[in-house]
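Asks: Quick one: structure below, then a few questions.
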Amino acid sequence: MIEKIKRQLHSELERALKVQFSIEVPVIVEEPKRANQGDISVPVFPLVKAFSKPLVEVVDAVRSLILETSLNEYFESVDVFGGFINITLKKQKVASAVIADFMINSDNIGSCAFGKDKTICIDYSSPNIAKPFSIGHLRSTIIGHALGNILEKCGYKIIRINHLGDFGTQFGKIIYAYIHYGSEEAVKKNPIAELEKLYVLFHEKAKKDPELESKAREIFRDLEQNDPKYQSLWSWFREESLKEYMQVYKKLNVNFDSYDGEAFYNDKMKTVIDELKAKALLVQDEGAMIVDLGAELPPALIQKSDGSTLYITRDLAALFYRKATYDFHKCLYVVGNEQKLHFEQLKRVVGLMGYPYSEDIVHVNFGLVLQDGKKMSTRKGKTVKLIDVLDEAVSLSLDYIVEKNPDLPGKEEIAEKVGVSAIIFNDLKNYRGNDFEFNLQDMVNFFGQTGPYLQYTSVRINSILAQAEFQFTGKVDGSWFEKDHVYELMKTIGSYGEIIEKSALEYAPNLIAKYLLNLASLFNTLYGKDRILVEDIEEKQTKLHVLYMVRAILNDGMNLLGMQIIERM
RNA sequence: GACUCGGUAGCUCAGCUGUACAGAGCAACGGCCUUCUAAGCCGUCGGUCAGGCGUUCGAAUCGCCUCCGAGUCGCCA
């Protein structure tokens with residue numbers, strides 16, 4: 001709401017400056033950091049030079065312009081503090097605008113339509129087959145899932161793609177290790193754990209005998225050329241891994257439109273290589289085929305000297321396939337920071353091939369999960385399994401329920417929802433690009449800025465609404481909104497849509513997470529100060545309106561982030 | 001070595017398209033459950049925004065340099 005007013009004021013002010021003073025300087029319209037400085041503030045410093053008059057006179061002139069805008073019916077006062085013009089709005093007027101806005105959009109609060117008729121592909125999760133689902137893949141999974149929800153709310157059609165890491169030299173390694181050191185029985189018994197063991201074992205052996213690396217490459221080359229024996233092992237490993245991943249996805253409530261992994265593109269790479277050749281981009285270098293990307297970027301390796309393909313080759317094939325199949329507006333890759341160079345190269349190659357949609361490739365990067373300050377390594381068997389972390393969170397949340405609310409029905413189910421959501425929220429609340437140190441203690445913390453705090457707030461409201469007769473009519477007693485803490489809450493309610501928009505444009509779920517924390521905190525402050533279920537009917541109904549909106553937004557926001565909503569806890 | 005990203009309270013982080021006294025949570029300490037769920041609320045404590053120089057009316061925010069950490073840099077993905 002405030003954002004709307006700000007934008008309107010901004011454009012009217014710039015126009016007025018141009019018309020009346022022939023001044024074309026970008027005007028700043030912002031929200032002051034402190035409540036006693038009003039709702040909207042215009043610093044006039046940047047205008048002083050253009051006016052070439054003393055600050056005091058400029059302030060005066062700008063203030064008059066502000067008072068003449070169409071928004072003046074909203075203004076309670078327009079005060080001057082040094083070089084700042086601070087506008088205080090009429091609280092009741094803002095509050096009723098917020099409520100009216102909410103009613104219009106009540107079936108899909110916070111939604112907008114700027115993505116209408118456009119498709120976005122999101123490539124996320126994409127675990128490597130035959131390796132346990134680690135904490136590292138959690139990030140891609142939940143960031144991608146949340147972004148899908150957020151962008152969907154902005155009107156986009158979303159294609160969720162799990163680009164499984166089901167191909168590549170790593171399969172040569174696993175197949176080699178399986179043939180030489182593995183047993184069918186052991187893999188059948190405990191597929192992923194066993195395959196991981198073999199993978200780690202391979203690297204240990206390869207350290208002593210570097211020959212193994214080239215043997216693995218040979219196996220992969222043959223696999224790529226459809227060797228039936230390797231193919232059947234490959235599909236067995238893939239199937240078993242996928243089974244285990246599906247359990248994780250079910251727990252996280254995550255789903256995909258496509259599970260076409262790298263192997264899916266095996267028969268689509270020849271055309272890519274042919275096209276690169278035809279466009280004279282492919283050159284032979286040290287026996288391999290590369291695309292030279294100029295001075296700023298290292299060359300892209302498209303084909304190994306033994307003729308087999310690489311990661312980027314498959315990503316090129318996948319990109320073309322997606323463009324042809326979905327005609328995407330953007331293609332997002334929710335992949336870690338360490339692959340920044342890879343996506344720069346991908347973009348550049350596509351650009352050199354003459355496709356303008358190279359600009360629509362977006363690497364939605366995220367920070368690594370570190371252990372002892374270093375990247376975790378599957379090769380050394382040093383990973384933390386996601387399922388263990390989730391189980392830990394769930395069992396801890398069950399402990400709390402037993403302690404705090406022993407008579408609660410359906411404890412296990414609620415504990416599951418609280419625990420898993422806590423893990424999800426813990427990840428999404430921070431800016432995605434930052435690395436973070438793996439810390440189980442932090443991940444399963446349930447107090448303060450956490451998922452359970454949001455769920456708890458929603459549950460508190462449930463409890464009150466359940467005890468009252470309430471219908472959302474929009475008829476309220478405006479005088480309550482004059483109180484500062486209530487007004488703050490109303491302003492925050494009114495900014496939900498703006499936050500979603502910003503979060504979508506920046507691919508930043510953390511903006512929504514922080515917003516929800518703020519909303520919950522404002523509500524809890526109010527809860528501590530004011531009794532809701534009071535005698536006076538009009539006052540009670542007014543308060544219930546606010547609670548209803550807060551709960552609707554909390555639930556909607558948590559849902560966007562991929563968290564679970566609960567009734568009681 | 002080159003490139004990229006980061007260094008803000010004891011810890012985890014927000015702010016970083018510049019402008020008014022740098023904000024949360026956790027931890028510590030002190031209050032608040034015979035009235036709506038205390039996974040909560042209120043308060044206290046805590047910061048040379050890594051360091052230096054520069055640009056600017058104004059810098060945590062922009063530029064340069066130094067230090068520290070992480071990641072990447074042709075046959076892994």
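The values are calculated or read from the model by the stated rules, or taken from the named source; none is laboratory data. All values reported here derive from a predicted model rather than from experimental measurement. Quick reminder, even Gly has a Cβ in these numbers, built from the backbone with ideal geometry, and neighbours come from all protein chains shown. Just so you know, the surface numbers come from the protein's heavy atoms only, side chains and all, with ligands and any DNA or RNA stripped out. Shrake-Rupley method; radii C 1.70, N 1.55, O 1.52, S 1.80 Å.
Asks: For the range A:465-480, enumerate the residues that are surrounded by fewer than 18 Cβ atoms within 10 Å (Cβ to Cβ) and either within 22 Å of the chain's Cα centre (by Cα) or in a helix (DSSP H, G or I) (or both).
Replies: Result: A:LEU465, A:ALA466, A:GLY478, A:SER479.
Asks: Hey, among A:ALA216, A:ALA263, which residue is open to solvent by less than 40 Å² (accessible area, probe 1.4 Å) and in contact with a helix residue (DSSP H, G or I) (Cβ under 7 Å, 6 or more places away or on another chain)? Please lay out each step first, then the result.
Replies: Working: A:ALA263 fails: in contact with a helix residue (DSSP H, G or I) (Cβ under 7 Å, 6 or more places away or on another chain).
The conditions single out A:ALA216.
Asks: Ok, one more. With the requirement that a residue be open to solvent by 50 Å² or more (accessible area, probe 1.4 Å) and closer than 14 Å to A:ASN426 by Cβ, what does the range A:509-530 give you?
Replies: The answer is A:LYS514, and nothing else.
Asks: Sort out which residues of the range A:531-554 are buried (at least 20 other Cβ atoms within 10 Å of the Cβ) and either under 26 Å from the mean Cα position of the chain (by Cα) or over 20 Å from A:PHE102 (Cα atoms) (or both), and write them in order of number.
Replies: Residues satisfying the conditions are A:MET549, A:VAL550, A:ARG551, A:ILE553, A:LEU554.
Asks: Restrict the check to the range A:471-484 and report whether at least one residue is touching a Ser or Thr at 6+ places or on another chain (Cβ under 7 Å) and either modelled with pLDDT of 95 or more or of a type in the set (Phe, Trp, Tyr) (or both).
Replies: yes
Asks: So which pairs qualify, if the first residue must be in the range A:167-193 and basic (Lys, Arg), the second must be crowded, with 16+ Cβ neighbours inside 10 Å, the Cβ gap must be under 7 Å, and the two must be at least 6 apart or on different chains?
Replies: If the second residue must be crowded, with 16+ Cβ neighbours inside 10 Å, the pairs left are A:LYS173/A:TYR199; A:LYS173/A:PHE202; A:LYS173/A:ALA216.
Asks: Counting just the residues of the range A:326-381 that are among the β-branched types (Val, Ile, Thr) and under 20 Å from A:ILE135 (Cβ atoms), which one comes out farthest from the chain's Cα centre (by Cα)?
Replies: A:THR378
Asks: Six or more apart or on different chains, Cβ under 6 Å: which pairs go from a residue in the range A:450-465 that's without any contact (Cβ under 8 Å) to a residue 60 or more places away in the chain to one that's part of a helix (DSSP H, G or I) and near RNA strand B (Cβ under 6 Å from one of its atoms)? Could you list them?
Replies: As it stands, the answer is none, since no pair meets every condition given.
Asks: Here's something else I'd like to know. Say whether the condition of being closer than 30 Å to A:SER134 by Cα and within 13 Å of RNA strand B (Cβ to nearest atom) is met by at least one residue in the range A:276-288.
Replies: The answer is no; no qualifying residue exists.
Asks: Could you list, in sequence order, the residues of the range A:159-179 that are touching a strand residue (DSSP E or B) at 6+ places or on another chain (Cβ under 9 Å) and open to solvent by 20 Å² or more (accessible area, probe 1.4 Å)?
Replies: The initial filter retains those residues of the range A:159-179 that are touching a strand residue (DSSP E or B) at 6+ places or on another chain (Cβ under 9 Å), namely A:159-168, A:170.
Scanning the range A:159-179 gives a single hit, A:GLN170.
Asks: Then there's this: Scan the range A:481-508 residue by residue and report those that are open to solvent by less than 30 Å² (accessible area, probe 1.4 Å), over 19 Å from A:ARG551 (Cα atoms) and more than 12 Å from RNA strand B (Cβ to nearest atom).
Replies: The one that is open to solvent by less than 30 Å² (accessible area, probe 1.4 Å), over 19 Å from A:ARG551 (Cα atoms) and more than 12 Å from RNA strand B (Cβ to nearest atom): A:ALA504.
Asks: Suppose we filter A:GLY182, A:GLY136, A:GLY82 for residues that are on the phi > 0 side of the Ramachandran plot and open to solvent by 10 Å² or more (accessible area, probe 1.4 Å); which single one remains?
Replies: Exactly one residue qualifies, and that residue is A:GLY82.
Asks: Look at the range A:56-79 and say how many of its residues are closer than 30 Å to A:ASP484 by Cβ and either out of contact with any Leu (no Cβ under 8 Å at 6 or more places or on another chain) or open to solvent by 90 Å² or more (accessible area, probe 1.4 Å) (or both).
Replies: 12
Asks: Give the residue, chosen from A:ASN128, A:ASN190, that is surrounded by 20 or more Cβ atoms within 10 Å (Cβ to Cβ) and among the polar types (S, T, N, Q).
Replies: Checking each option against the conditions leaves just A:ASN128.
Asks: Being under 14 Å from A:VAL350 (Cα atoms) and part of a strand (DSSP E or B) is the filter; apply it to the range A:286-300 and report the residue that is most open to solvent (accessible area, probe 1.4 Å).
Replies: Restricting to residues being under 14 Å from A:VAL350 (Cα atoms) and part of a strand (DSSP E or B), the top hit is A:ILE290.
Asks: Now for a different question. In the range A:483-509, how many are in contact (Cβ under 8 Å) with a residue 12 or more places away in the chain and within 14 Å of A:LEU151 (Cα to Cα)?
Replies: Count: 10.
Asks: Condition (residue is under 30 Å from A:GLN339 (Cα atoms), in a strand (DSSP E or B), in contact with a Gly (Cβ under 9 Å, 6 or more places away or on another chain) and touching a residue at least 24 places away in the same chain (Cβ under 8 Å)) applied to the range A:426-436: is it met by at least one residue?
Replies: Filtering the range A:426-436 for residues under 30 Å from A:GLN339 (Cα atoms) gives A:426-436.
The next check asks that each one be in a strand (DSSP E or B); those that pass are A:436.
Then drop every residue that is not in contact with a Gly (Cβ under 9 Å, 6 or more places away or on another chain), which leaves A:436.
Applying the additional criterion that residues be touching a residue at least 24 places away in the same chain (Cβ under 8 Å) yields A:436.
There is at least one residue in the range A:426-436 that is under 30 Å from A:GLN339 (Cα atoms), in a strand (DSSP E or B), in contact with a Gly (Cβ under 9 Å, 6 or more places away or on another chain) and touching a residue at least 24 places away in the same chain (Cβ under 8 Å).
Asks: Name the pairs whose Cβ atoms lie under 7 Å apart, with the first residue in the range A:61-89 and hydroxyl-bearing (Ser, Thr, Tyr), the second within 16 Å of RNA strand B (Cβ to nearest atom) and open to solvent by 70 Å² or more (accessible area, probe 1.4 Å), and 6 or more positions between them or separate chains?
Replies: Filtered contacts from the range A:61-89: A:THR88/A:GLU76.
Asks: Would you mind stating whether A:LEU252 is crowded, with 18+ Cβ neighbours inside 10 Å, free of Cβ contacts under 8 Å to residues at least 24 places away in the same chain and either assigned by TED's automatic domain parsing to the domain that holds A:ILE174 or within 16 Å of RNA strand B (Cβ to nearest atom) (or both)? Outline the logic, then answer.
Replies: On the way: crowded, with 18+ Cβ neighbours inside 10 Å: yes; free of Cβ contacts under 8 Å to residues at least 24 places away in the same chain: no; either assigned by TED's automatic domain parsing to the domain that holds A:ILE174 or within 16 Å of RNA strand B (Cβ to nearest atom) (or both): yes.
No; evaluated as a whole, the condition is false for this residue.
Asks: Does the range A:448-457 contain at least one residue that is open to solvent by less than 50 Å² (accessible area, probe 1.4 Å), within 12 Å of RNA strand B (Cβ to nearest atom) and more than 26 Å from A:LYS514 (Cα to Cα)?
Replies: No, the conditions are met nowhere in the range A:448-457.
Asks: Does A:ASP107 meet the test of being at pLDDT below 95, closer than 23 Å to A:ILE499 by Cβ, of a type in the set (Asp, Glu) and not assigned by TED's automatic domain parsing to the domain that holds A:SER479?
Replies: In short, yes.
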